[in-house]
1. Quick check on the stretch 313-335: of everything there that is touching a Ser or Thr at 6+ places or on another chain (Cβ under 9 Å) and hydrophobic (A, V, I, L, M, F, W, C), which residue is surrounded by the fewest Cβ atoms within 10 Å (Cβ to Cβ)?
2. When you look at Leu338, is it away from the ligand (no atom under 16 Å from the Cβ), surrounded by fewer than 16 Cβ atoms within 10 Å (Cβ to Cβ), in contact (Cβ under 8 Å) with a residue 12 or more places away in the chain and hydrophobic (A, V, I, L, M, F, W, C), yes or no?
3. It is to be established whether one or more residues within the stretch 381-388 are in contact with a helix residue (DSSP H, G or I) (Cβ under 7 Å, 6 or more places away or on another chain), within 26 Å of Phe302 (Cα to Cα) and among the hydrophobic types (A, V, I, L, M, F, W, C).
4. Quickly run through the stretch 131-144 and pick out the residues that are under 18 Å from Thr163 (Cα atoms) and either surrounded by fewer than 22 Cβ atoms within 10 Å (Cβ to Cβ) or in contact with a Phe, Trp or Tyr (Cβ under 7 Å, 6 or more places away or on another chain) (or both).
5. So is Arg10 part of a strand (DSSP E or B), touching a residue at least 40 places away in the same chain (Cβ under 8 Å) and more than 13 Å from the ligand (Cβ to nearest atom) or not?
6. For the stretch 13-103, give me every one of the helices (runs of 4 or more DSSP H) that falls completely inside it and has 1 or more residues that are of a type in the set (D, E, K, R), surrounded by fewer than 22 Cβ atoms within 10 Å (Cβ to Cβ) and within 16 Å of the ligand (Cβ to nearest atom).
7. Among the residues of the stretch 302-331, which ones are at pLDDT 95 or above and among the hydrophobic types (A, V, I, L, M, F, W, C)?
8. From Asp318, Asp369, Asp287, grab the single residue that is under 28 Å from Met1 (Cα atoms) and among the acidic types (Asp, Glu).
Amino acid sequence: MDKIRIVGGRKLAGRVEIGGAKNAVLPAMAASLLTDETLVLNNVPAVWDVGTMRRLLAELGVRVEQPSRRSLSLSSPSVRSFEAPYELVKTMRASVLVLGPLLARRGRARVSLPGGCSIGARPIDFHVAALEKLGAEVRLEHGFVEAVTDGLRGTEIYFDNVTVTGTENILMAASLARGVTLLQNCAQEPEVIDLAELLNRMGARIEGAGTRTIRVEGVERLQGTEHSVIPDRIEAGTYLTAAALIGEEIEISHCLPSHMTAMVDKLEELGSRMELGETSIRIAGADPIRAANLRTLPHPGFPTDMQAQLMVLLTQADGTSLVTETIFENRFMHVSELNRMGANIQLDGHTAVVKGPTRLSGAKVMATDLRASACLVLAGLVAEGTTFIDRVYHLDRGYEHIEEKLAGIGADIERLK
Ligand code: EPZ
């Protein structure tokens, strides 16, 4: 099992190129099940979860080729199987994204329930309820969701809670349903908009993506197309935070600042100075770092996937900051590791009270989930001495060569096989 070793204290300067968004490419890959023609995706990031989705789609009979390093070509002339096995789903809950397309294309789907992960129970009850409203018969047994339908029919659906993959699953299913579907209380994340744009290029008729209400007029069939995946706003936010923490002057390129307003505003509130371009951000480190409160919300609010990373910055801020996590019930796993490095963070239910500034010192720490791992890398960059991070496979799920990109801007960081 690989480890990452960081010697803290090195100032960062230079340019980081951002890759395609993990949370956009995964639904886009699942959309290949909706057509028997070929779907070509570009700007595909080299992250572990893309490999897992490839294996899952291959199980379902999708032919996946990689014509170039950052492109995938997916075609599923016949969907051979209908089952997303537990072995794959348990490593990546985004596997649930094959449920809607399989049901819409072939009238059947059997997907293992994802089970919890370290940040929470992560049920899929909103996905199931919406599919039932579209006319599917759904049974939960032996740890699987079994869904069948003799044809999905458009209807009105209201999501009790905003759900990103729930909105994406139903968008894909409704694209091939008979009649019009009106989805309300939808997720507005850029990744939802990117999927809707892809589906429309495949011949779907979707209006309103990016707002709380989306209208889908079902069509008979969808065609193949070519689509370039949007940049990863969370990867970009992670490097912005590294720059705010211990950067001189860093440029983040191939990103979309328009997807990152809440993150940019928060970093400015903490004292960072940024220049925004169309597809780049230049940022100078904040000195001193000001304390501020943080509350995670559905887009366009501050993203929960950036909460752990921002918390590192708050440990260096002058004063007390309150961090409230409203999306997941247990997304403070990084707090105990940060406190072991010298942070002063108390938990009070869904709120963490961060007192700063505190001197962090390098330690042996363990990653528990994707974004908590990124947070520990950031802490290692600013800590005195050497930090060893174990279980870096969590990092590899969503960050492409993070140690190479950070070494490229001056960090003393290496991967130990
Ligand atoms: C997506 O997960 C992202 N994953 C997550 O990113 C992200 O943290 C999350 O959205 C919130 O922005 C992908 O897009 C692949 P939700 P998702 O459904 O769709 C509850 C990362 O680090 N809920 O919006 O699973 C749920 O438990 C990952 O890249 C139900 O109760 O999140 C959570 O508390 C981590 N029932 C809240 O709603 C449901 O049926 C929001 O979850 C669905 C969700």
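The values are calculated or read from the model by the stated rules, or taken from the named source; none is laboratory data. From a predicted model like this one, the values you see are computed outputs, not experimental measurements. Ideal geometry is used to build each Cβ from the backbone, glycine not excepted, and the neighbour counts take in all protein chains shown.
1. Applying the filter and picking the extreme gives Leu322.
2. So Leu338 fails the test.
3. Yes, the stretch 381-388 has at least one match.
4. Residues satisfying the conditions are Glu132, Lys133.
5. No; evaluated as a whole, the condition is false for this residue.
6. It comes to 48-59.
7. Correct list: Phe302, Met306, Ala308, Leu310, Met311, Val312, Leu313, Leu314, Ala317, Leu322, Val323, Ile327.
8. None of the other options fit; the residue is Asp369.
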